[in-house]
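Novice: So that we are looking at the same thing, I have put the structure below in structure tokens.
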Amino acid sequence: MNKSLYPRAGRLRFPLEIEKQFLEEYRVSTLSTTRFALVLGALLYGLFGILDMYAVPISKNVVWSIRFGIVVPVFAFIFVSTYFRRFQPYLQPLMCAGVAIAGLGIVGMISITREAEFGNRFYVTGLLLVSMWAYGLSRLLFSYALIANLIIAVGYEINSIWVKGLLESETGTVIFIIYNFFFLGANIVGAFTSFYLERYSRREFLQKYDIRFERDRVDSLLHNVLPGWIADKLKQGKKTIAEEYESASVLFADIVNFTPISAKFGPHEVVKMLDDVFSLFDELVEKHKAEKIQVAGDGYMAAAGVPIPRPDHAKVLARLALDMLKRVHEGNFLDGKQPIDLRIGLNSGSLIAGVIGRRKVFAVWGDMVNTASRMESHGVTNRIQITRAAYELLKDDFECEYVGEIHVKGKGQMEVWHLLAEKHERKLEHAAIASR
């Protein structure tokens with residue numbers, strides 16, 4: 001995650017798309033706290049009605065009409081709206097309006113009380129409670145909390161100067177200054193509290209965003225390097241993962257005379273040639289729905305039937321091998337200065353596939369895999385050498401040439417065939433020649 005996204009001093013804003021995600025997550029994460037704040041706010045606002053009987057006995061009926069006829073119902077409406085999806089996106093503006101109404105309600109109570117009533121002088125302290133509630137418990141975003149308190153402040157100043165006329169006497173002026181001193185101080189403390197609460201929430205969101213981003217990146221990397229089921233098991237904490245497959249096929253392809261080529265050309269040219277060849281093989285593996293296993297030096301290994309079993313695994317690799325030979329011969333590697341030749345070996349049978357060790361690389365093991373490697377190393381340049389097991393799976397759909405028995409290291413005498421072409425493609429070639 002770009003560190004420039006982290007909130008800077010004096011700035012509480014993300015780029016648009018991230019801001020939308022933050023606001024949605026903030027709404028969800030603070031919803032229960034907001035509901036609690038609304039219940040507590042309405043309860044306290046209502047309970048202060050008991051104080052009205054003693055503090056404003058003359059004006060209590062009008063005060064109660066503001067308290068119970070306007071403010072508490074507004075809080076109740078906002079509380080109920082939190083349970084309806086259509087209102088939830090507008091919860092912050094609704095809460096801002098609720099705070100402003102609660103504060104202006106107290107300003108209204110002060111404006112209608114008589115000089116002789118205690119509430120006329122002391123109900124201004126209720127504005128401090130509203131400010132504390134707005135900046136902290138309500139979980140209003142800083143901008144909304146500030147707007148609500150500015151509205152309350154403007155209402156209070158208008159009431160104090162023009163309705164109550166506090167500046168018309170020396171005593172009133174002192175009272176006006178004292179009240180504003182405390183009111184301003186409470187707002188400064190509250191504003192800083194709200195600002196840093198939101199700043200912390202935004203930093204926490206970005207940290208979670210970073211974690212999700214990295215987790216998704218690792219998941220993507222795992223699924224690119226490993227089969228899906230292997231990646232999923234690794235994420236679950238399994239360290240050793242291996243499964244036996246009764247029927248699968250493995251292919252080995254090797255660049256012939258790689259050592260002389262390396263001696264003839266510079267390292268950069270050789271590396272580029274390898275990258276071009278193996279990138280081509282990767283493309284063909286994806287095209288034929290096979291599974292790349294590994295690249296070792298100048299050798300390339302692929303499989304079919306793992307990790308997802310499929311009955312036509314031998315045919316998949318046969319088509320892949322034929323395509324490899326064709327495309328390499330058609331390619332222009334090393335700027336055409338050196339032809340690239342291949343040896344390919346293919347075998348079919350049972351194997352074990354999975355992930356073991358500290359380096360999480362998908363691999364295959366078993367005698368069948370070793371034999372496939374031997375088919376390549378004992379093979380002929382620009383030929384695809386296959387075992388009897390592979391031949392039995394391919395003979396109905398592919399043309400194969402019997403080579404005979406050869407001595408295979410570690411295996412003794414083995415019958416082998418050369419895979420030539422897919423039968424229907426050979427028929428198409430013959431038909432094209434006959435039509436000329």
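Bear in mind that the values in this text are calculations on the coordinates, not laboratory data. Since the structure is predicted, the reported quantities are computational estimates derived from the model, not experimental observations. In this analysis, Cβ positions are derived from the backbone assuming ideal geometry, glycine residues included, and neighbour counts consider all displayed protein chains.
Novice: Using 0.36 nm per residue of separation minus the Cα-Cα distance, give me the extension gain between THR125 and THR259 in nm, one decimal.
Specialist: Extra length available between THR125 and THR259 comes to 39.3 nm.
Novice: Okay, next question. Considering only lysines 8 or more places apart in sequence, or on different chains, count the pairs in the range 3-219 whose C-alpha atoms sit under 27 Å apart.
Specialist: Taking the Cα cut-off of 27 Å, the pair count is 4.
Novice: What does the extension gain come out to for LEU184 and PHE68, with contour length at 0.36 nm per residue minus their alpha carbon separation?
Specialist: Full extension of this stretch gives 39.0 nm more.
Novice: Which of TYR83, TYR209, TYR45 moves the most in a Gaussian network model of the chain with Cα springs under 10 Å?
Specialist: With Cα springs under 10 Å in the chain, the top fluctuation among TYR83, TYR209, TYR45 is at TYR83.
Novice: Among (i) -0.25, -0.89, -1.07; (ii) -0.54, -0.89, -0.99; (iii) -0.43, -0.87, -0.96, which is the computed log10 I(q)/I(0) by the Debye sum over Cα atoms at q = 0.06, 0.11, 0.12 Å⁻¹?
Specialist: (ii)
Novice: Please identify, among GLN21, GLN338, GLN294, the residue showing maximal mean-square fluctuation in a Gaussian network model of the chain using a 10 angstrom Cα cutoff.
Specialist: Looking only at GLN21, GLN338, GLN294, the biggest GNM fluctuation is shown by GLN338.
Novice: I want the local charge near ASP396. Using Cβ-Cβ distances under 13 Å, sum +1 for each Lys or Arg and -1 for each Asp or Glu among the other residues.
Specialist: Once positives and negatives cancel, what remains is -2.
Novice: Run lengths n ≥ 4 of DSSP H only: what is the helix-derived mean residue ellipticity at 222 nm for the chain, with -39500 (n - 2.57) per run over all residues, to the nearest 500?
Specialist: Rounded to the nearest 500, the figure is -19000 deg cm²/dmol.
Novice: In nm, what is the difference between 0.36 nm times the number of residues separating ASP396 and GLN413 and their Cα-Cα distance?
Specialist: 3.6 nm
Novice: Where does each of TRP133, TRP64 land when they are ranked from fewest to most other beta-carbon atoms within 10 angstrom?
Specialist: Sorted ascending by nearby Cβ count, the order is TRP64, TRP133.
Novice: Let me ask something additional. Would you mind working out the magnitude of the charge dipole of the chain relative to its Cα centre, with +1 at each Lys and Arg C-beta and -1 at each Asp and Glu C-beta, to the nearest 20 Debye?
Specialist: My answer is approximately 1020 debye.
Novice: On to the next question. What fraction of the DSSP beta bridges in the chain is antiparallel, stated in percent and rounded to the nearest 5?
Specialist: Within the chain, antiparallel bridges account for around 95 percent of the total.
Novice: Using a Gaussian network for the chain with springs between C-alpha atoms less than 10 Å apart, which of these wobbles most: LYS292, LYS337, LYS208?
Specialist: Highest fluctuation among the options: LYS337.
Novice: Follow-up. Around THR371, what is the net charge, scoring Lys/Arg as +1 and Asp/Glu as -1 over all other residues with Cβ under 13 Å from its Cβ?
Specialist: +1
Novice: Still on this model: When a/c is below 1.5 the answer is rounded, else prolate if a/b is larger than b/c, else oblate, so apply that to the range 297-404 with a ≥ b ≥ c taken from the square roots of the Cα gyration tensor eigenvalues.
Specialist: oblate
Novice: Counting other beta carbons within 10 Å of each residue's own, what order do VAL189, VAL256 fall into, fewest first?
Specialist: VAL189, VAL256
Novice: For ILE406, put the label point 7 Å out on the Cα→Cβ axis and report which residues of the range 251-280 keep their amide N under 15 Å from it.
Specialist: Within reach of a label on ILE406: 252-257.
Novice: Here is a further query. Kindly state, to the nearest 0.05, the FRET efficiency for ASP216 paired with THR193, given R0 = 41 Å and r defined as their beta-carbon distance.
Specialist: The value I calculate is 0.75.
Novice: Checking the table LYS272/LYS326; LYS326/LYS423; LYS289/LYS337 against a 25 Å threshold on Cα-Cα, which pairs fail?
Specialist: Violating the 25 Å Cα-Cα cut-off are LYS289/LYS337.
Novice: Spin-label point model (7 Å from Cα, Cβ direction): what's the VAL154 to LYS326 distance in nm?
Specialist: About 7.7 nm separates the two model spin labels.
Novice: Quick check for you: which residues of the range 381-410 have the amide N under 19 Å from the point 7 Å beyond the Cα of ALA421 toward its beta carbon?
Specialist: 382-386, 394-403
Novice: Give me the angle, in degrees from 0 to 90, between the Cα long axis of helix 91-112 and the longest principal axis of the Cα atoms of the chain, rounded to the nearest 10.
Specialist: The helix 91-112 is inclined about 10 degrees to the chain.
Novice: Please figure out what share of the DSSP beta bridges in the range 239-434 is antiparallel and state it in percent, rounded to the nearest 5.
Specialist: 95
Novice: Among residues other than ALA318 whose Cβ falls under 10 Å from its Cβ, what is the net charge (Lys/Arg +1, Asp/Glu -1)?
Specialist: -2
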